[in-house]
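Let me begin by presenting the structure, written as C-alpha cells, before commenting on it.
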Amino acid sequence: MTSLNNLTIHELHELLKNKETTSAEITNNYLKKIKQKDGLLNSYLYVDFAGAAAQAEQTDEYIKKIRNADNSDFPYLTGIPLSIKDIFLMKGKKTTCASKILENFISPYDSTVVKKLKENNFVFLGKTNMDEFAMGSSTENSAFKTTKNPWDIKRVPGGSSGGSAASVSADLCAGSFGTDTGGSIRQPASLCGAVGLKPTYGMVSRYGIIAFSSSLDQAGPIAKDVLDSAILLDAVTGFDGFDQTSRKFKIKKYSDIVKKADNSKIKGLKVGIPKEFLSEGLDNEILSNIQEIKNNLKELGAEIVEISLPDTAYSIAAYYVIATSEASSNLERYDGIRYGLRSAKNSADNDDINNPAGINNLNSGSLTNRTNLEEIYINSRTAGFGSEVKRRIMLGTFALSAGYYDAYYKKAALIRKLIIKNYKDAFGKVDLIIGPTSPTAAFLIGEKANDPLSMYLSDIYTISVNLAYLPAMSIPSGITGKNNPNGAELPIGLQIIAPWCSEDKMLETAKIIEDMVDFRKKYQPDLNF
Ligand code: GLN
C-alpha cells in the first residue's frame with residue numbers, strides 16, 4: 001500500500017478535505033522518515049522537528065474552524081509539509097546557502113516565496129542542502145555535507161538544488177522549492193526522478209533569496225508530479241514591488257490548466273527538437289528515450305519539427321562569464337563586517353594553532369583588536385568561502401576588470417543576445433521545444449568533483465534557457481538500464497522549453513506526457529538503505 005509519505009500534494013489535500021487524515025499525521029510521518037533515512041541521505045541541512053509538529057497541529061485547528069464556519073475548501077498547500085532550499089530567507093531561521101561564511105546567519109525577514117507559502121498555511125519541515133551559493137551541479141560543493149541520490153546512494157542527486165530533489169524523491173517531504181540559475185532546479189529533478197520547473201524570469205519574486213547571478217536566478221518548485229508543480233507554482237507567482245525585476249505578467253491558475261489537460265490538446269501542436277541537443281556527448285539511452293517520446297507525441301497528432309539553436313555551443317562560455325561576473329559583485333557583501341563569519345586572525349594573533357583560520361562569528365568577533373580592515377576582509381573570505389566559490393569570484397572579477405571588460409563581459413552579453421534570437425526564431429516555427437535535461441543520468445559521487453569543466457558541461461541543455469529568460473521544466477520520462485540487466489536503473493528527465501510566459505502550454509503538455517509515460521506507477525527508488 002502506498003504510504004502517506006509517497007502521496008502527492010493533491011492526493012494529500014483530498015485526504016485532508018475528506019477528514020481521512022490530519023496535517024499532524026502527515027507531518028509526523030515525514031519527521032519519522034527523516035529521522036530514519038536522512039542520516040545517510042543528507043538531503044536536509046536543518047530540520048525543524050518541534051516547529052513542524054506544532055505548526056501542523058495549529059493548521060489542523062485552522063482547518064476545523066474553516067469547516068465549521070462554512071465548510072468551504074482551503075488552499076492546496078494548507079497543512080502540507082514542504083522542504084525549502086537553504087537559499088530562501090525565513091524569518092528567525094538559519095539561512096546558510098551551504099556556506100561557512102553564513103554558518104550562523106539568522107534570516108531577519110521572510111523571502112517573498114516563504115511569505116506566500118506561509119499565507120497558504122504550509123508546514124515548514126526544514127532547509128535542504130545545496131551547492132555553496134548555488135554554484136554547482138552535484139551538491140558536492142556544500143560546505144557541510146554531500147547529499148546522496150535516493151535511486152543509488154553512490155551517486156549525486158544533481159545540483160545545486162540537490163537536497164530539495166533528493167528530499168522529494170525519497171519521500172521526506174511533499175514538495176520543495178529550489179532556485180535555477182543555469183539548471184539547478186531541472187537537472188537535480190531529472191537526476192532524482194522528480195518534476196522541476198523554472199518559471200519565466202520575473203514571474204516569481206527574488207526578494208529574500210540569496211543572490212548568485214541576479215539576471216539569471218529564478219525560484220521554482222520541485223515536485224512529485226506535474227499537477228503538484230503547478231500547485232506549488234500557483235502559490236508563489238505574482239508581481240512584487242520588493243524585487244525590481246519582478247514583472248506584472250498575466251498570471252494564470254496553472255493547476256486548473258493541468259487538471260483540464262487531455263490528449264486532444266496535442267493534435268496540431270508543433271514540437272521542436274533542436275538538433276544541437278541530440279549531438280555528441282548525449283548518453284545513448286537518453287537519446288532513445290527522447291526518440292520514444294517524440295514518436296508517442298507524433299501518434300497523438302503532434303507535428304515534430306527539427307529545429308536549430310545554432311549558438312548553443314557558446315552558451316556555457318557566455319554563462320560562466322555572466323554568472324561569475326554577477327556573482328563576484330553579489331558576493332562582495334560577505335566581507336566579515338555585516339554578515340556571518342568574521343575571521344579573528346590578524347597580524348598579531350595568527351599563531352593560534354587551535355584555530356588556524358581564526359574563525360569567529362559576528363557576535364563573538366570583536367573589531368577592536370584589529371589593525372587592518374583589509375585583513376578582516378581577506379581572512380574572513382579566505383576562511384569562509386569554498387574553492388568553487390573562490391574560483392568563480394576570481395573569474396568574475398577578472399572578467400569585469402578594466403581592459404578585459406570588452407573582451408569577456410561584453411562578448412558574453414552579445415552571445416546572450418544571439419541565444420535569445422535563436423529561441424525567438426525557433427518559437428516562430430514551433431509551440432514548444434523538447435529535449436534532454438541532462439546529457440547523462442546521475443553520475444557517481446566524486447566522478448567529476450575534480451574536473452570543473454566536465455561538471456560545467458552537465459548543464460549544456462539547461463543554461464541557454466536562463467540566458468534567454470524562458471520557462472522550462474523537467475519531467476521523468478524513462479529509466480536507464482532497461483535493456484541491460486547489469487546497468488543501473490536511474491531516472492531520465494525530459495526537458496520542455498516554452499516561449500516567454502507560456503507556462504500554461506508547457507504544463508499542459510507536461511501533464512499529457514506524464515500520463516503517457518506513467519513514471520511514478522512504474523518506477524520508484526528502493527528506499528531500503
Ligand atoms: N550548475 C550551474 C552552475 O554551477 C547552475 C547552477 C544553478 O542553476 N544555480 O552555475
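The values are calculated or read from the model by the stated rules, or taken from the named source; none is laboratory data. Since the model is a prediction, treat every value here as computed from it, not as a measurement. Note: ideal-geometry Cβ built from the backbone for every residue, glycine included; neighbour counts use all protein chains shown. The area values use the complete protein model at the heavy-atom level, side chains included, leaving out ligands, DNA and RNA. Shrake-Rupley method; radii C 1.70, N 1.55, O 1.52, S 1.80 Å.
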Practice problem: Collect the residues in the range 121-144 that are part of a loop (DSSP other than H, G, I, E, B) and either on the phi > 0 side of the Ramachandran plot or open to solvent by less than 30 Å² (accessible area, probe 1.4 Å) (or both), keeping them in residue-number order. | Solution: ASN121, PHE122, ASN129, MET130, ASP131, MET135, GLY136, SER137, SER138, THR139, SER142
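Determine if the range 61-68 includes at least one residue that is open to solvent by less than 40 Å² (accessible area, probe 1.4 Å), over 28 Å from GLY159 (Cβ atoms) and out of contact with any His (no Cβ under 7 Å at 6 or more places or on another chain).
Step one: list which residues in the range 61-68 are open to solvent by less than 40 Å² (accessible area, probe 1.4 Å), which gives 63, 66.
Narrowing further to those that are over 28 Å from GLY159 (Cβ atoms): 63, 66.
With out of contact with any His (no Cβ under 7 Å at 6 or more places or on another chain) added as a condition, the list becomes 63, 66.
Yes: the range 61-68 contains one or more residues that are open to solvent by less than 40 Å² (accessible area, probe 1.4 Å), over 28 Å from GLY159 (Cβ atoms) and out of contact with any His (no Cβ under 7 Å at 6 or more places or on another chain).
If I filter the range 422-436 down to residues being open to solvent by 30 Å² or more (accessible area, probe 1.4 Å) and either in a loop (DSSP other than H, G, I, E, B) or touching a residue at least 60 places away in the same chain (Cβ under 8 Å) (or both), which single residue comes out as nearest to ARG391 (Cα to Cα)? If you could, list the steps in order and put the result at the bottom.
Just the residues of the range 422-436 that are open to solvent by 30 Å² or more (accessible area, probe 1.4 Å), to begin with: 424-425, 427-429, 431.
Within this subset, residues satisfying the condition of being either in a loop (DSSP other than H, G, I, E, B) or touching a residue at least 60 places away in the same chain (Cβ under 8 Å) (or both) are 427, 429, 431.
Values: PHE427: 36, LYS429: 40, ASP431: 39 Å.
Residue satisfying both the conditions and the ranking: PHE427.
Sort through TYR62, TYR46, TYR109 and tell me the only one that's in contact with a strand residue (DSSP E or B) (Cβ under 9 Å, 6 or more places away or on another chain) and more than 16 Å from the ligand (Cβ to nearest atom).
On the way: TYR62 fails: in contact with a strand residue (DSSP E or B) (Cβ under 9 Å, 6 or more places away or on another chain); TYR109 fails: in contact with a strand residue (DSSP E or B) (Cβ under 9 Å, 6 or more places away or on another chain).
Residue meeting the stated conditions: TYR46.
Filtering the range 257-267 down to residues that are surrounded by 12 or more Cβ atoms within 10 Å (Cβ to Cβ) and of a type outside the set (A, V, I, L, M), which residue is nearest to LEU432 (Cα to Cα)? Before you say what the answer is, go through the steps one by one.
First, pick out the residues of the range 257-267 that are surrounded by 12 or more Cβ atoms within 10 Å (Cβ to Cβ): 257-259, 261, 263, 265-266.
Then drop every residue that is not of a type outside the set (A, V, I, L, M), which leaves 259, 263, 265.
Working: LYS259: 20, ASN263: 16, LYS265: 13 Å.
Taking the candidates together, the pick is LYS265.
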Practice problem: Test LYS482 against the criterion of being more than 14 Å from the ligand (Cβ to nearest atom), closer than 22 Å to PRO221 by Cα and open to solvent by 40 Å² or more (accessible area, probe 1.4 Å), and give yes or no. | Solution: no
Practice problem: List every residue pair whose Cβ atoms lie under 6 Å apart, where the two residues are 6 or more positions apart in sequence or sit on different chains, the first residue falls within the range 437-464 and is farther than 18 Å from ALA412 by Cα, and the second residue, located anywhere, is among the aliphatic types (A, V, I, L, M) and within 11 Å of the ligand (Cβ to nearest atom). | Solution: LYS448/MET455
Quiz prompt | Verdict on ILE84 being in a helix (DSSP H, G or I) and buried (at least 24 other Cβ atoms within 10 Å of the Cβ) | solution = no
Quiz item: Residues of the range 286-314 being open to solvent by 70 Å² or more (accessible area, probe 1.4 Å) and among the charged types (D, E, K, R), which ones?
Solution: GLU292, LYS298, GLU299, GLU303, GLU306
Quiz item: What about ASP234, is it away from the ligand (no atom under 16 Å from the Cβ), of a type in the set (Asp, Glu) and either buried (at least 21 other Cβ atoms within 10 Å of the Cβ) or closer than 28 Å to ASN149 by Cα (or both)?
Solution: yes
Exercise. Just give me the residues in the range 200-231 being within 16 Å of the ligand (Cβ to nearest atom), aromatic (Phe, Trp, Tyr) and open to solvent by 20 Å² or more (accessible area, probe 1.4 Å), in sequence order.
Key: TYR201
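Inside the range 499-511, can you point out the residues that are hydrophobic (A, V, I, L, M, F, W, C) and surrounded by 22 or more Cβ atoms within 10 Å (Cβ to Cβ)? Outline the logic, then answer.
To start, the set of residues in the range 499-511 that are hydrophobic (A, V, I, L, M, F, W, C) comprises 500-501, 506-507, 510.
Selection gives MET506, LEU507, ALA510.
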Quiz prompt | Number of the condition not met by GLY386 [criteria: (1) in contact with an Asp or Glu (Cβ under 7 Å, 6 or more places away or on another chain); (2) among the small types (Gly, Ala, Ser); (3) within 19 Å of LYS275 (Cα to Cα)] | solution = (3)
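State which residue is farthest from the ligand (Cβ to nearest atom) when the search covers only the range 147-161 and only residues that are open to solvent by less than 10 Å² (accessible area, probe 1.4 Å) and touching a Cys at 6+ places or on another chain (Cβ under 8 Å).
Step one: of the range 147-161, the residues open to solvent by less than 10 Å² (accessible area, probe 1.4 Å) are 147, 149-150, 156-161.
After this cut, where a residue has to be touching a Cys at 6+ places or on another chain (Cβ under 8 Å) as well, the list is 149-150, 157-158.
Details: ASN149: 16, PRO150: 20, PRO157: 13, GLY158: 9 Å.
Checking each candidate, the answer is PRO150.
For THR179, are the conditions met, namely being surrounded by 24 or more Cβ atoms within 10 Å (Cβ to Cβ), within 15 Å of the ligand (Cβ to nearest atom) and in a loop (DSSP other than H, G, I, E, B)? Working first, answer last.
On the way: surrounded by 24 or more Cβ atoms within 10 Å (Cβ to Cβ): yes; within 15 Å of the ligand (Cβ to nearest atom): yes; in a loop (DSSP other than H, G, I, E, B): no.
No: the conditions fail for THR179.
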Self-check item: Hits in the range 69-81 - residues which are surrounded by 19 or more Cβ atoms within 10 Å (Cβ to Cβ) and among the aromatic types (Phe, Trp, Tyr)
Solution: TYR76
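Among the residues of the range 443-454, what is the count of those that are under 17 Å from ASN149 (Cα atoms) and within 12 Å of the ligand (Cβ to nearest atom)?
We begin by selecting, within the range 443-454, every residue under 17 Å from ASN149 (Cα atoms); these are 443-449.
Retained after the next criterion (residues that are within 12 Å of the ligand (Cβ to nearest atom)): 448.
Selection size over the range 443-454: 1.
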Quiz prompt | Scope the range 443-480; condition assigned to a loop (DSSP other than H, G, I, E, B) and over 28 Å from SER214 (Cα atoms); matching residues | solution = PHE443, ILE445, GLY446, GLU447, THR480
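From the list PHE122, PHE133, PHE144, exactly one residue is within 22 Å of LEU102 (Cβ to Cβ) and away from the ligand (no atom under 15 Å from the Cβ). Which is it? If you could, list the steps in order and put the result at the bottom.
Values: PHE122 fails: within 22 Å of LEU102 (Cβ to Cβ); PHE133 fails: away from the ligand (no atom under 15 Å from the Cβ).
The unique qualifying residue is PHE144.
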Quiz item: Which ones in the range 11-30 are surrounded by fewer than 21 Cβ atoms within 10 Å (Cβ to Cβ) and in contact (Cβ under 8 Å) with a residue 24 or more places away in the chain?
Solution: LYS17, THR22, ALA24, ASN28, ASN29
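Would you confirm, using the coordinates I've provided, whether ASP240 is of a type in the set (Asp, Glu), in contact (Cβ under 8 Å) with a residue 60 or more places away in the chain and either closer than 13 Å to MET473 by Cα or surrounded by 24 or more Cβ atoms within 10 Å (Cβ to Cβ) (or both)? Quick ask: steps written out before the conclusion?
Working: of a type in the set (Asp, Glu): yes; in contact (Cβ under 8 Å) with a residue 60 or more places away in the chain: yes; either closer than 13 Å to MET473 by Cα or surrounded by 24 or more Cβ atoms within 10 Å (Cβ to Cβ) (or both): no.
In short, no.
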